[in-house]
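Before any comments, here is the structure.
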Amino acid sequence: MNEKIMSEDTIGRRSFMKRLGMAGAAAALPVGALLTSQRRASAAGYNTSPRLGRGDAAILRFLAAAELIESDLWTQYAELGGIGNNPPIEVEMGQTLNNYQVALSNLDPDGPQYISSNTLDEVSHATFLNAYLESRGAEPVNFDEFRTLEGSTATGSSGIKRLTNLMHLNVDTSWYVRYRSATNPDLGATFPQAITLNDVTAIPRTDADFGTTDPSFNVLGNAQIQAIANVAAFHFAMIEQGGTSLYAAMSQKVTDAQVLEITLGIGGDEIAHFLEWVDFSGNGVQAPVAPFTDTVSGLTFPNFFSPLNPLIQPSLIFPVPCEFISPDLPHVAIIRPLTDKFGGAVAAAASLTADGLFTGQSTKFLDALHSLAEAADAAAR
């Protein structure tokens, strides 16, 4: 998550209600078959374990909330950019893709498949965590009452009400610099934005955003939809790197061995997602896609290889070794941040809010989310 926007000072919120009576839980999502797993878990006898301790339950409840949020946003990406969606246009090799899928495929030919796969993973995380909470006598998380936001009206969108808003994002891109730096936010380092993306859309809002073929643009599609796809690429990685730090931070608080197994297992999947989107986003700021400017949105995506700056070098996919624990120790390649201040639950909630994901959401929803976050951060081993 963004160390610049996730500090305790950024939250500045009143103390939220400490107890929530949230029951049942699963997003209205395209892979609905997974939603039956809650009942299957109980039927299979997984509820024989002792009740979860308060801290472990709080951790899992916030993680379930985060996964419901991720499931909602990824479902929107999958509807419009995932494999097999939307009215096709003919492109090379006999494939049929819409312009958004073409633009995503310019960053990686398998982009639409990766989006659909990432969506499936996040839905499975949310469903599993809520089922496990129930099996251990804890309350699951249900955000259904907050699915009130209007989404895209572009062809391919299901038109259902949303929990998140992908059309007014402030994408934090400082993670791009952070993971290429030898300094560590947990030890006080701060990082600039790799590229400025404020109040931008990451999905086509209407069919007009699909644009038309622009012969002056250098890759299959057009600059208008390519800019939207590039925003999405940086947003994909921002979300998944935040989950990477969140699960690592929460794992340090867990007391139950089986809960630790869960946080390490799902957290590892978040890392796998992040590494793919690091590569994916980097492809949007190098040839043959970049440099280009979208005259509709005014967004410009430069070629990060020209001139070459190691702090934004696209081919640096893996975390660069950095300071850890103490500046006196050797540098080591790690996930960062790992502390509550920048990677914990309250920090995660603040980052998602600053991202613009909840534009139009109710105060009640924000209070509920931050209450869950405060309880998770208060847990201690």
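The values are calculated or read from the model by the stated rules, or taken from the named source; none is laboratory data. All figures in this text were calculated on a predicted structure; none of them were measured in a lab. All Cβ positions, even for glycine, are placed from backbone atoms using ideal geometry, and neighbour counts span all protein chains on display.
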Assess whether Thr363 counts as being out of contact with any strand residue (DSSP E or B) (no Cβ under 7 Å at 6 or more places or on another chain), touching a residue at least 24 places away in the same chain (Cβ under 8 Å) and of a type in the set (Ser, Thr, Tyr).
-> no
Which residues, taken from segment 148-167, are surrounded by 17 or more Cβ atoms within 10 Å (Cβ to Cβ) and either within 19 Å of the chain's Cα centre (by Cα) or without any contact (Cβ under 8 Å) to a residue 40 or more places away in the chain (or both)?
-> Leu149, Gly151, Ser152, Arg162, Leu163, Thr164, Asn165, Leu166, Met167
Criterion violated by Ser351 - all others in (1) under 18 Å from Thr190 (Cβ atoms); (2) of a type in the set (S, T, N, Q); (3) in a loop (DSSP other than H, G, I, E, B) satisfied = (3)
What pairs can you find where one residue is in segment 176-189 and assigned to a loop (DSSP other than H, G, I, E, B), the other is crowded, with 19+ Cβ neighbours inside 10 Å and aliphatic (A, V, I, L, M), and their Cβ atoms are less than 8 Å apart, with a gap of 6+ or different chains?
-> Tyr179/Val278; Arg180/Ile312
Condition test on Ser297, is it over 17 Å from Pro185 (Cβ atoms), without any contact (Cβ under 8 Å) to a residue 60 or more places away in the chain and not in a helix (DSSP H, G or I)?
-> no
Single condition Glu139 does not satisfy, out of (1) surrounded by fewer than 22 Cβ atoms within 10 Å (Cβ to Cβ); (2) part of a helix (DSSP H, G or I) | (2)
Out of all the residues in segment 322-336, which are part of a loop (DSSP other than H, G, I, E, B) and closer than 21 Å to Glu240 by Cβ?
-> Ala333, Ile334, Ile335, Arg336
Looking at Glu276, Glu323, which one is charged (D, E, K, R), in contact (Cβ under 8 Å) with a residue 40 or more places away in the chain and within 30 Å of Ala64 (Cα to Cα)?
-> Glu276
Does Val102 satisfy the criteria of being at pLDDT below 95, surrounded by 24 or more Cβ atoms within 10 Å (Cβ to Cβ) and either in a helix (DSSP H, G or I) or small (Gly, Ala, Ser) (or both)?
-> yes
Filter result for Ala131 (within 21 Å of Ala368 (Cα to Cα) and in a helix (DSSP H, G or I)) = yes
Read through the list (1) surrounded by 21 or more Cβ atoms within 10 Å (Cβ to Cβ); (2) hydroxyl-bearing (Ser, Thr, Tyr); (3) within 20 Å of the chain's Cα centre (by Cα), then give the number of the only condition that Tyr132 fails.
-> (3)
